[in-house]
1. Based on what the data block shows, is B:Leu76 more than 14 Å from chain A (Cβ to nearest Cβ), crowded, with 24+ Cβ neighbours inside 10 Å and without any contact (Cβ under 8 Å) to a residue 60 or more places away in the chain?
2. If a residue must be out of contact with any Gly (no Cβ under 7 Å at 6 or more places or on another chain), surrounded by 15 or more Cβ atoms within 10 Å (Cβ to Cβ) and either away from chain A (no Cβ under 14 Å) or assigned to a loop (DSSP other than H, G, I, E, B) (or both), how many such residues does region B:51-63 contain?
3. Go through (1) more than 14 Å from every other protein chain (Cβ to nearest Cβ); (2) assigned to a loop (DSSP other than H, G, I, E, B); (3) on the phi < 0 side of the Ramachandran plot for A:Asn749 and report which single condition fails.
4. Kindly indicate the residue of region A:750-773 that is of a type outside the set (A, V, I, L, M, F, W, C) and within 30 Å of the chain's Cα centre (by Cα) and also surrounded by the most Cβ atoms within 10 Å (Cβ to Cβ) among those meeting that condition.
5. Might you let me know whether region A:25-38 holds any residue that is crowded, with 16+ Cβ neighbours inside 10 Å, touching a residue at least 12 places away in the same chain (Cβ under 8 Å), part of a strand (DSSP E or B) and more than 9 Å from chain B (Cβ to nearest Cβ)?
6. Could you tell me which of the residues A:Gly674, A:Gly623, A:Gly646 is within 19 Å of A:Pro718 (Cα to Cα) and not acidic (Asp, Glu)?
7. Which of the residues belonging to region A:697-746 are in contact with a Pro (Cβ under 9 Å, 6 or more places away or on another chain), in a loop (DSSP other than H, G, I, E, B) and of a type outside the set (Val, Ile, Thr)?
8. Within region B:91-116, track down each residue that is within 8 Å of chain A (Cβ to nearest Cβ), outside any loop (DSSP other than H, G, I, E, B) and surrounded by 24 or more Cβ atoms within 10 Å (Cβ to Cβ).
Amino acid sequence: MKENLKVVGHDAVRLDIVEKVLGAAEYTDDIAFGPNLLHMAILGSPYAHAEILSIDTSEAKKLPGVKAVITGEDYPEKFGLYLKDKSIFPVDRVRQVGEQVAGVVATSYEIARNATKLIKVEYKELPVILDPYDSIAEGAILIHPDLGNYVIEPWLEAQPGTNIGHLRRIRKGDIDKGFAEAETIVEGEYHIPHVAHTCIETHISVSKFSLDGRLTMWNSTQSPHTQRNIMAVALGMNHKDVRVIAPPIGGGFGGKAGISMEVMAAAGAKSCPGHPVKLRWTREEEFYNSSQRTGLRNKVKIGFKKNGKIIAFKHEMFWDVGASAEYGSNVVNATGFSATGPYYIPNVYIDSKACYTNNPTCSAYRGFGYSEFSFGIESTMDKAAKIMGIDAVELRRINAIKEGEGVAYDVPMNPNGLIECIDKVAEEIGWGIEEKSDDPNKIIAKGFASVWKAPAMPANESSSAFIKFSEDGSINVMVSGMELGQGLLTVMGKIAAEVLGLTLDKVRVELPDTDRNPYEWQTVASHVTWSCGNAVKRAAIDARDKILDIVQRAHFIDKSQLYLEDNGVKCTTQDSFYIPFSDFVITGIQTEHNTWVGGPILGSGMFMPEYTNAMVDPKTGLGGHPMVHYTVGAGAVKVEIDKETGRMKVLKMAEAFDLGKAINPDLSKDQINGGFVQGLGTAMWEQCIFDEKGKMLNDGFTDYKIPTIVDVPRDMNPILVEVPQPDGPYGARGHSEHTMIPVMPAIANAVANGLSVRIVDVPVTAEKIAMRMNDPKYKEEM
Amino acid sequence: MNHILKFNLNGEAVEVAVKSNEKLLDVLRDKLGAVSAKFGCGVAECGACTVLIDDLSVRSCITFAVEVEGKSVVTLEGLQADGPTKIQKAFIKHNAFQCGFCAPGFIMSATELISKNPSPNEEEMRHALAGNLCRCTGYQNIVDAMNEVAEDNKGGVK
């Protein structure tokens, strides 16, 4: 039976749009901390790889206004999310340009900054590794000689004595037999550079140790509870005495997941009890010292039967995780399990290697590695389609994974609408219909890609929620899922409103504060609609049960005849029966004897998947259940390319994702539009460019170009497909990150379709198109 | 050296001691509590710090505070003295922002555009807003909201 939903599934104005448009949203840097506020500045390493011989801070300490100077001598510990390989401040060695060597706390940022210039550091330069192939080459200098001694999650496989921070293997079926049975084998080798999140709000933390020893942090973060845990453990404090408050955040995209610069702000604050200490990255620091997206060199080899079915699939991925794999190791892990794309394949061989380099550290970035590996797979699929004479969209339909078929680690695939996504995108983009430009110098071409992604999470990730009613029947929902702009507050509010029969104007969802809001693992992996949504739904059901119980006891009506609607309680057997929540959710209900039944209504709920298991056989990647489910989708572009200059304009886009159930259809479409444009940046313009010594040459928006309002297609077509997720709230699963995954391969495939030139290294710039158009090395036959 | 700077901020006369090298953005945020203008890059590349100086949109992060002596500065706080403007209402209706950090800058740039050209066509509007970066939205809802404002102004409807 179809549920008759009143709030869920309908469009709504975002719960946070008014405060943002009126300038009322108080981001971390907007909060007034008073005259006691101190400022922190960081001294970054000028070298990508060097031994630290000595650090002399004496002159810096003498500068008037300086309160504290901190170095690795004060904090020799390593930290990190999954692999503790990162220094708060390094003691012996720097591993990337910009790595924080010392911090200064002072009465003004200007003084702190000036003081960093007085710190004298003696370095001895070491050989620099900037490419993953050089990282794994024989005789390469070890970036982390102590890798074997680091604390590491049990499901990661570091390779001490090498530059490999983690290795994930998949060995499913018999790869040699598979390729032997293949009638067509197609290969490709690809390269994805580092790119940057470029949240418009740079990282910021304000940390304060109160005089009685409590630590409070106001952080621009996706991970308040994870940060609290890391800080409490590192400082040997009780969790209850560490408080992380997450004010509105000016963009995350994975860059503010886990913990990074916040530990330095806390270190600064520890030296100055009673003072809030602010550390805010400059734009340059944001490029170097937050994190970047993993670079990738990968080799894809696919074996097909004559009918187009994939029989064998080999994928070797050499990830450039940069100087630390503390978080990037999980990108490598997640993609190791999933780098087949959304296809059923009986014989699979995957090697996913986290290669340390002296580039900036990489961690989570919207898509969590799937954008990077999908470029190679989807490019190879198009190449194969041409070789076999099968339509590129049809080839994807033929191989689309269906419910119950085994994924790469041989666990049955969840229900999904991949074929529907493929068909709807093909129809919208006019697949198969040839179009001509009015300009004879230009051609019009189309490119297609289909993709998937699973949330990458520890097996026991969890979410929880509280709901409390107030006198007027309105509620505050407390979760620690973070509003990143994706619409979490609205989604959670709608789920609570749906269960409790409330109108949305009665619902307020609170941003995380670890003192007040219950536990959430992190707002990453596009998992909060599903996980936190389940917790909120259970909290709302808990509150509903309490309400029904009170009404049953006060009015002697069986609970089974009561339901919640229109901000109150109604009865299925008495049309006139209606008690508004405002009559009793705090005060209770007065009986005929003038006694009272009930009291303040509270609900609580939690969710943790109980079927996941990360402990696979390291030799095969099999034997576990590392992912909860996959969200699938497809995307296509129509481009116009100048045949002389290679200049390309995207005229139209279409993307469809199966999000199970759209809690907010309009906001879900906004995620597709936004993710597409972020993907467009990485497909056409964005790349962190380094010189031979690892210094970034484009650490500002002038040289690191992200899409502006003039660069985007005028014809955007987001499409929602809804095949319910069995364990999702109202059937929902996440889809926000996924929306940028199809873009890089769709663009490259369009160029190949239009000009017979195969670009194997993004970004697909006009220069590359123009230079390679007539180069036989890049030729791809129609 | 400190200088007593006098200017009009959001309709009110203000006096504030500033150093000659202080930027307007920092003075607005740290000394005058007008925090709607945001720090995004510090070098006029992202547009998050946009304010109006004598009705022209300016990047306050590269403007020396002393440059506004005797001038009129309007931030988002001052724009809506009589309630949300037509542009703000359209942005709300269209869910124009996600994280919202770029919103104040966009609204100031849009305000300047509409004051000069009440009914811009879509390409004029896109060019006027090209200096404001948004990483979340893909700009589609901003375009939709602005098109609605332009259309509404064309009809002469208030």
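The values are calculated or read from the model by the stated rules, or taken from the named source; none is laboratory data. Values in this document were obtained by computation on a predicted structure and should not be read as measured data. Virtual Cβ from ideal backbone geometry, glycine too; neighbours counted across all protein chains shown.
1. Values: more than 14 Å from chain A (Cβ to nearest Cβ): no; crowded, with 24+ Cβ neighbours inside 10 Å: yes; without any contact (Cβ under 8 Å) to a residue 60 or more places away in the chain: yes.
For B:Leu76, the condition - more than 14 Å from chain A (Cβ to nearest Cβ), crowded, with 24+ Cβ neighbours inside 10 Å and without any contact (Cβ under 8 Å) to a residue 60 or more places away in the chain - is not met.
2. Within region B:51-63, residues that are out of contact with any Gly (no Cβ under 7 Å at 6 or more places or on another chain), surrounded by 15 or more Cβ atoms within 10 Å (Cβ to Cβ) and either away from chain A (no Cβ under 14 Å) or assigned to a loop (DSSP other than H, G, I, E, B) (or both) number 6.
3. (2)
4. Quick first cut of region A:750-773, residues of a type outside the set (A, V, I, L, M, F, W, C) only: A:753-754, A:756, A:758, A:761, A:763, A:765, A:767-768, A:772.
Subsequent filtering for residues that are within 30 Å of the chain's Cα centre (by Cα) retains A:758, A:761, A:763, A:765, A:768.
Numbers: A:Arg758: 20, A:Asp761: 16, A:Pro763: 23, A:Thr765: 18, A:Lys768: 18.
So the residue we want is A:Pro763.
5. yes
6. Values: A:Gly623 fails: within 19 Å of A:Pro718 (Cα to Cα); A:Gly646 fails: within 19 Å of A:Pro718 (Cα to Cα).
Sole residue among the options that is within 19 Å of A:Pro718 (Cα to Cα) and not acidic (Asp, Glu): A:Gly674.
7. Scanning region A:697-746 gives A:Pro724, A:Gln725, A:Pro726, A:Asp727, A:Ala732, A:Arg733, A:Gly734.
8. Restricting attention to region B:91-116, the residues satisfying the condition of being within 8 Å of chain A (Cβ to nearest Cβ) are B:91-93, B:95-104, B:107.
With the extra rule that they be outside any loop (DSSP other than H, G, I, E, B), the set shrinks to B:91-93, B:103-104, B:107.
Matches in region B:91-116: B:Phe91, B:Ala103, B:Pro104, B:Ile107.
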